[in-house]
1. Output the residues belonging to the range 10-60 that are of a type in the set (A, V, I, L, M), in contact with a helix residue (DSSP H, G or I) (Cβ under 8 Å, 6 or more places away or on another chain) and in a helix (DSSP H, G or I).
2. Would a scan of the range 138-155 turn up a residue that is touching a residue at least 40 places away in the same chain (Cβ under 8 Å), part of a strand (DSSP E or B), farther than 25 Å from N286 by Cα and in contact with a strand residue (DSSP E or B) (Cβ under 8 Å, 6 or more places away or on another chain)?
3. Take S182 and decide whether it is free of Cβ contacts under 8 Å to residues at least 24 places away in the same chain and within 25 Å of L123 (Cβ to Cβ).
4. Every residue in the range 107-137 that is among the β-branched types (V, I, T) and buried (at least 24 other Cβ atoms within 10 Å of the Cβ), please.
5. Taking E282 as the residue in question, decide whether it is at pLDDT below 95 and either assigned by TED's automatic domain parsing to the domain that holds A205 or surrounded by 14 or more Cβ atoms within 10 Å (Cβ to Cβ) (or both).
6. So for the range 111-119 (the condition being in a helix (DSSP H, G or I) and hydrophobic (A, V, I, L, M, F, W, C)), does at least one residue qualify?
7. Consider S262 carefully, then state whether it is surrounded by fewer than 19 Cβ atoms within 10 Å (Cβ to Cβ) and in contact (Cβ under 8 Å) with a residue 60 or more places away in the chain.
8. Mind checking which residues of the range 239-271 are under 20 Å from D305 (Cα atoms) and either part of a loop (DSSP other than H, G, I, E, B) or among the polar types (S, T, N, Q) (or both)?
Amino acid sequence: MTDIGKPNLEIFAETLLNQAKQNKDIIAVTSDSRGSGKLVTFGNELPDQIIEVGIAEQNLVGLSAGLAAGGKIIFAVSPASFLTARSFEQIKNDVSYSDHPVTLVGISAGISYGQLGSTHHSLHDFAALRAINNISIVAPADNFEAAEVIKKAVSYEKPLYIRYGKKPMMNLPRKNSNFEISKASIIREGKDLTLVATGETVQRAYLASLILQDKGIDVEVISMHTIKPFDNEALINSINKTKALISIEEHSVYGGLGECCSSIISQGEFNTKFKIIGIPDEYMINGTQADVLDHYGMSPEKIADTSVALLA
């Protein structure tokens, strides 16, 4: 079994601090989220490279766009639910339309806030931001991807949104150690079934693949860390060699990873069985992140059961 690492959010903060120590143009901008974004150490060590705007997410994004226009390398950090809903117009116009290379960091994404309820959950961020021109969207799966995307973001020349969760993540095996925004990571290769997941659900997909392996089912697991621009080639290569595809995401079933896959399948000539696992369009149950994901079919065991049924 692979080992358990740190929460991706902590890896983000550590990596950003290391990068900022080497480059004085890197600025973290927060909306009363220094603590929740794990940036207290950053602020203590680099007080001239952090700006606090208070609970004012629209100001956060507008200010970040202005700083980026002035040549600074900006990481705008705020809870994902508020960053992508309250500041949608500023992301659309001040950042994306104006083509300012701001990195928007959505912390405590998906259902990370657990029992705080739907007001604090970000199950819309992929759908909302996919509809905006000129912004990339990344959801790292493990500590490796969480660190690498920040290193790439420092020199990324266009708007970027990254979402992070709060729970410790398994260090996943992978085919190679290269990371590139817009290129999926192959966690394991297989010929019977493709499990494609994004963010923290990749861990659950991988654990499901181990259960299925014991049942004689050879599973390919893909970390589709970049939702936009989507790695069509990786998905097509996989579904051409397996019998079925299941997408798994900590997001609404509308507008996220599953619909990205659906678009590719429906517009091509692919003969594959397909199932989307995500959060349905309903008043969601309340509970911890793990409880909610398990309830909606995203436990490793339930993913394995869904896989067996789909292949049958």
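The values are calculated or read from the model by the stated rules, or taken from the named source; none is laboratory data. Note that the structure is a prediction, hence the values are computed from the model and not measured. Positions of Cβ are generated from backbone atoms using ideal geometry, with glycine treated the same way; all protein chains shown enter the neighbour counts.
1. Restricting attention to the range 10-60, the residues satisfying the condition of being of a type in the set (A, V, I, L, M) are 11, 13, 16-17, 20, 26-29, 39-40, 46, 50-51, 53, 55-56, 60.
Within this subset, residues satisfying the condition of being in contact with a helix residue (DSSP H, G or I) (Cβ under 8 Å, 6 or more places away or on another chain) are 11, 13, 16-17, 20, 26-29, 39, 46, 50-51, 53, 60.
Hits for the range 10-60 are I11, A13, L16, L17, A20, L60.
2. Taking the range 138-155 as the starting set, the residues that turn out to be touching a residue at least 40 places away in the same chain (Cβ under 8 Å) are 138-143, 145-147, 149-151, 153-154.
Next cut, part of a strand (DSSP E or B) only: 138.
Retained after the next criterion (residues that are farther than 25 Å from N286 by Cα): 138.
Imposing the further condition that a residue be in contact with a strand residue (DSSP E or B) (Cβ under 8 Å, 6 or more places away or on another chain) reduces the set to 138.
Among the residues of the range 138-155, at least one is touching a residue at least 40 places away in the same chain (Cβ under 8 Å), part of a strand (DSSP E or B), farther than 25 Å from N286 by Cα and in contact with a strand residue (DSSP E or B) (Cβ under 8 Å, 6 or more places away or on another chain), which makes the answer yes.
3. Numbers: free of Cβ contacts under 8 Å to residues at least 24 places away in the same chain: no; within 25 Å of L123 (Cβ to Cβ): yes.
No: the conditions fail for S182.
4. Matches in the range 107-137: I107, I111, I137.
5. Yes.
6. Kept after step one, since they are in a helix (DSSP H, G or I), are these residues of the range 111-119: 114-116, 118-119.
From the residues that got through so far, the ones that are hydrophobic (A, V, I, L, M, F, W, C) too are 116.
Checked against the condition, which is being in a helix (DSSP H, G or I) and hydrophobic (A, V, I, L, M, F, W, C), the range 111-119 yields at least one hit.
7. For S262, the condition - surrounded by fewer than 19 Cβ atoms within 10 Å (Cβ to Cβ) and in contact (Cβ under 8 Å) with a residue 60 or more places away in the chain - is not met.
8. If we filter the range 239-271 for residues that are under 20 Å from D305 (Cα atoms), which is where we start, we get 239, 242-250, 253, 258.
Scanning the range 239-271 gives T242, K243, S247, V253.
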